[in-house]
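The values are calculated or read from the model by the stated rules, or taken from the named source; none is laboratory data. A quick note: this is a predicted structure, and the numbers were derived from the prediction, not measured. Note: ideal-geometry Cβ built from the backbone for every residue, glycine included; neighbour counts use all protein chains shown. Accessible surface is based on the protein model in full, side chains and every heavy atom, while ligands, DNA and RNA are left aside. Shrake-Rupley method; radii C 1.70, N 1.55, O 1.52, S 1.80 Å.
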Amino acid sequence: MDKIIYVDNAATTAVSDKVLEAMIPYYKEKYGNPSSIYSLGRGAKKAIEQARETVAKCINANPNEIFFTSGGSEADNWAIKSIAFEQAKKGKKHIITSSIEHHAVLHCVESLEKQGFKVTCIKVNEKGMVNPKDIEEAINENTALVSIMYANNEIGTIQPIKEIGEICRKRGVPFHTDAVQAIGNLHVDVVNQNIDMMSISAHKFHGPKGVGALYVKKGMRIKNFIDGGAQERGLRAGTENVAGIVGLSVAMKEACDNIDKKSAKLKKMRDRLIESITKIKRTRINGDLENRLPGNVNISFEGIEGEGLLLLLDMKGICASSGSACTSGSLDPSHVLLAIGLPHEIAHGSLRISLGENNTDEEIDYIIECIPPIIERLRSMSPLWEKIVEKEKEERK
Amino acid sequence: MAYSEKVMDHFANPRNVGEIENADGVGEVGNPKCGDIMKMYLKIKDGIIEDVKFKTFGCGAAIATSSMATELIKGKTIEEALKVSNRAVMEALDGLPPVKVHCSVLAEQAIKSALSDYYRKKGIDPEPIIGKIKGCEGSCSNNTGECHSEI
């Protein structure tokens, strides 16, 4: 296969040239340990502090509110578990989250539930939107934390974060958001949007894998996540991933400076894909058309199963996803698609295309050309499709 | 979770796809909820499976195991076809990822279900010969990823 068309940018992205260039010196000549006193160490330390400043600036935070982590999942775990246990000391053992969170949040909350916390899982509407009023109603005097994702990885829905943050602020409840899919795609401002804690992952915006950050608003009390040395103000021990942190900051600056241009480009391609693919009979677009990540397309095709579709697309050189790649080890359809009310058999037949900066109009043309015959082929051998067609005929009579 | 070359071959070029008009036996197993349904059509003459076709809604492994199952029983006697186990289907495909083993079970059950229908059409109770058809009862929504408890 000579041609690779990568449209799975919500899974991960390619490291940009500028990012890689910025990282390499910290593996080679600038390899010092940031905790060391000599110049080689001081240089590494300085690089980290500069990166912290850059990251803070991108989201309108202060540098001392940024903690580097190994990625989005760690940031989610740290924020949620640490606040939950702090709050539990005051007898507050109620957590509010949504039914469409990433597993990094859902499984955290489930583990807390097993440890005696009460969890309210806010339902989303058929478009995947959280209603802030539902959160307001769910908050009680024992609520320890609200965690609602900024933008969904599967269906691209963007939540009313500012409003949710305002409600939490008014009621004195810490508000965490998993913004892994939002950073680099949307303008994020932690002050304006009333965010107390926020998870960031570098590899979703052309940074390296294995590095992320947690924003923690000044005054919020978070606990040590890793015990050991004094790194990250003593809260997360371990020699810093210097090159990774530098990569994260360069990628974040690059992405945040370019949001409007990128967004306009992706939206055009996204809408063209949606318009053309939904022309196929018995398909539906999942998620909200207005409040949607610029590069997200999520479509269900009745009568087929998603994996076959992905394999056939792969044979055409197209890398896409059938929901969240993290769940591909399980046989159950995506919890997000079930949460927006899709029946199991339709959720099974879903395709996620997530566009990135490197995609071209020619690639979109190619995808548009490839999909209909693949759907046709899978449907022609599907007994489920046969039933759908028969039912249609009967209804017409 | 990689598929073997044989699985990919049978998925990309499935053998015996389609339907048989006036088939002597038709069997359907699986459940749309779990994401796979297999339907098998048999043409049987003098106790020999002369032709077999299938239609499958399901993942790559579901399509490949259906295809392989049809290959394993084509031209065989009913007795031989009844001996085709899910393990035989799996081995013929050079193995399956653990989460996909249930597809081979479904393929075995599809053969048995079609043969049961053949017996029923002849007025013979298939259960003493074939036994009960074990299929998915839509029990996969328990989030364990285990659809078929008999594996």
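Under the rule a/c < 1.5 gives rounded, and otherwise a/b versus b/c splits prolate from oblate, where does the stretch A:1-136 land using the Cα gyration tensor?
oblate
Would you please calculate the Kirkwood hydrodynamic radius of the stretch A:291-397 over all C-alpha pairs and express it in Å, rounded to one decimal?
Working: mean 1/r = 0.0667 Å⁻¹.
Hydrodynamic radius (Kirkwood, Cα only) of the stretch A:291-397 equals 15.0 Å.
Tell me, what is the per residue accessible area of chain B in Å², probe radius 1.4 Å?
44
Amide H neighbours of A:G238 under 5 Å, at least 5 residues apart or on other chains, H built in the peptide plane: list them.
A:G229, A:Q231
Please list log₁₀ I(q)/I(0) at q = 0.16, 0.28 Å⁻¹ for the stretch A:1-48, using the Debye equation with identical point scatterers on the alpha-carbon positions.
Each listed q maps to, in turn, -0.60, -0.98.
Accessible area per residue for the stretch A:26-73 in Å², computed with a 1.4 Å probe and the full protein assembly in place, what is it?
For the stretch A:26-73, the solvent-accessible area averages 56 Å² per residue.
Probe radius 1.4 Å, ligands and nucleic acids left out: which of B:Y3, A:Y150 has the largest accessible area, and how do the rest follow?
These residues rank, largest area first, as B:Y3, A:Y150.
Could you work out what % of the accessible surface of the protein assembly as shown is carbon and sulfur, using a 1.4 angstrom probe and leaving DNA, RNA and ligands out of the count? Show your work: numbers first, answer last.
On the way: 11530 of 23590 Å².
Of all accessible area on the protein assembly as shown, carbon and sulfur atoms account for 49 percent.
Considering amide H positions built from the backbone, and no H for Pro or chain starts, which residues 5 or more places from A:A182, or on another chain, come under 5 Å of its amide H?
Here A:A151 satisfy the definition.
What percent antiparallel are the DSSP beta bridges of the stretch B:5-129, to the nearest 5?
95
If you take every DSSP beta bridge whose two residues both sit in the protein assembly as shown, what share of them, in percent to the nearest 5, is antiparallel? Before the final figure, lay out the partial values.
On the way: 37 of 57 bridges.
The antiparallel proportion sits near 65 percent.
Please report, in debye to the nearest 20, how large the charge dipole of the stretch B:5-129 is about its Cα centre when each Lys and Arg carries +1 at its beta carbon and each Asp and Glu carries -1 there.
With only Lys, Arg, Asp and Glu charged at Cβ, the dipole is about 160 debye.
What is the interface area between chains B and A, defined as buried accessible area summed over both chains with a 1.4 Å probe, reported in Å² to the nearest 100?
2300
Show that you can apply the helix-only estimate: for the protein assembly as shown, add -39,500 (n - 2.57) for every DSSP H stretch of four or more residues, divide by all residues, and state [θ] at 222 nm to the nearest 500.
Mean residue ellipticity at 222 nm (helix-derived): -12500 deg cm²/dmol.
Could you derive backbone 3J(HN,Hα) for the stretch A:42-50 from the dihedral phi with the Karplus parameters 6.51, -1.76 and 1.60 (θ = phi - 60°), listing whole Hz in sequence and x where the residue is Gly or Pro?
Residue by residue, the stretch A:42-50 yields 4, x, 5, 4, 4, 4, 5, 5, 5 Hz.
For the modelled label position 7 Å from the Cα of A:S276 along Cα-to-Cβ, which residues of the stretch A:332-369 have backbone nitrogen atoms closer than 13 Å?
Backbone N within reach: A:360-369.
Ordering B:I73, A:I280 from largest to smallest accessible area (1.4 angstrom probe), what's the sequence? Can you show the working numbers first?
Numbers: B:I73 0, A:I280 30 Å².
Order by accessible area, largest first: A:I280, B:I73.
Taking the Cα centre of chain A as the origin and placing charges on Cβ (Lys, Arg +1; Asp, Glu -1), which of A:I59, A:S334, A:G303 is farthest toward the positive end of the dipole?
Final value for the positive-end residue is A:I59.
Please report the net charge: other residues with Cβ closer than 10 Å to the Cβ of A:P34, K and R +1, D and E -1. Could you put the intermediate results ahead of the total?
Numbers: positive: A:R42, A:K45, A:K46; negative: A:E49, A:E240.
That works out to +1.
Debye calculation, C-alpha points only, no solvent: report log10 I(q)/I(0) for the stretch A:137-261 at q = 0.13, 0.17, 0.18 Å⁻¹, in the same order as the q values.
-0.60, -0.97, -1.06
Which whole-Hz couplings ³J(HN,Hα) result when phi for each residue of the stretch A:64-74 is put into the Karplus expression 6.51 cos²θ - 1.76 cosθ + 1.60, θ = phi - 60°, listed in order with x for Gly and Pro?
6, 9, 10, 10, 7, 10, 8, x, x, 4, 5
Any idea how far apart A:K57 and A:S111 come out in nm if each label point goes 7 Å out from Cα toward Cβ?
Going by the 7 Å Cα→Cβ label model, 3.6 nm.
Skip the ligands, DNA and RNA, and give the accessible area per residue of the stretch A:132-286 with a 1.4 Å probe, whole Å². Write out the running numbers ahead of the final one.
Values: 6130 Å² over 155 residues.
Counting only protein heavy atoms, the per-residue value for the stretch A:132-286 is 40 Å².
Which is farthest toward the positive dipole end of the protein assembly as shown among A:I158, A:G317, A:F85, measuring Cα position about the Cα centre, with Cβ charges +1 (Lys, Arg) and -1 (Asp, Glu)?
A:F85
Report the full-extension gain for the segment A:E362 to A:N131: residue separation times 0.36 nm, less the Cα-Cα distance, to one decimal in nm.
My answer for the length gained is 79.3 nm.
For the pairs A:K57/A:K90; A:K397/B:K74; A:K123/B:K100; A:K46/A:K204; B:K53/B:K100, flag any whose C-alpha to C-alpha distance is greater than 29 Å.
From the list (A:K57/A:K90; A:K397/B:K74; A:K123/B:K100; A:K46/A:K204; B:K53/B:K100), the Cα-Cα distance tops 29 Å for A:K57/A:K90; A:K397/B:K74; A:K123/B:K100.
Mind checking Rg over Rh on the protein assembly as shown, alpha carbons, Kirkwood formula for Rh?
Rg divided by Rh gives 1.04.
Residues of the stretch A:343-366 with accessible area at least 20 Å² lower in the all-protein-chain context than alone (1.4 Å probe)?
Relative to the lone chain, where solvent access is computed with a 1.4 Å probe, the stretch A:343-366 loses at least 20 Å² at A:H344, A:E345, A:H348.
Go through the stretch A:24-32 residue by residue and turn each phi into a ³J(HN,Hα) via Karplus (6.51, -1.76, 1.60, θ = phi - 60°); whole Hz please, and just put x for glycine and proline.
Karplus values, whole Hz, x for Gly and Pro: 3, x, 7, 9, 9, 6, 9, 7, x.
Which of the residues in the stretch B:70-109 show a loss of at least 40 Å² in accessible area from their chain by itself to the complete set of protein chains, at a probe of 1.4 Å?
B:V99
Compute the distance in nm between two label points, each set 7 Å from the Cα along the Cα-to-Cβ direction, one at A:K3 and one at A:S99.
Reported label-point gap for A:K3 and A:S99 is 4.1 nm.
Identify the trypsin sites (Lys or Arg not before Pro) of the stretch A:60-107 meeting these criteria: DSSP loop state and at most 16 other C-beta atoms within 10 Å of the C-beta.
Here the trypsin sites (Lys or Arg not before Pro) that fit, given the DSSP loop and packing criteria, are A:K89, A:K90.
One-quarter of the Cα convex hull surface for chain B, in nm²?
Approximately 8.3 nm², given one-decimal rounding.
Taking amide H atoms as placed 1.01 Å from N in the peptide plane, list the residues 5 or more away in sequence, or in a different chain, whose amide H sits under 5 Å from that of A:I5.
A:I318, A:C319
All other residues with a Cβ under 15 Å from the Cβ of A:S111 taken together, and with Lys, Arg as +1 and Asp, Glu as -1, what is their net charge?
Counting the neighbours of A:S111, the net charge comes to -1.
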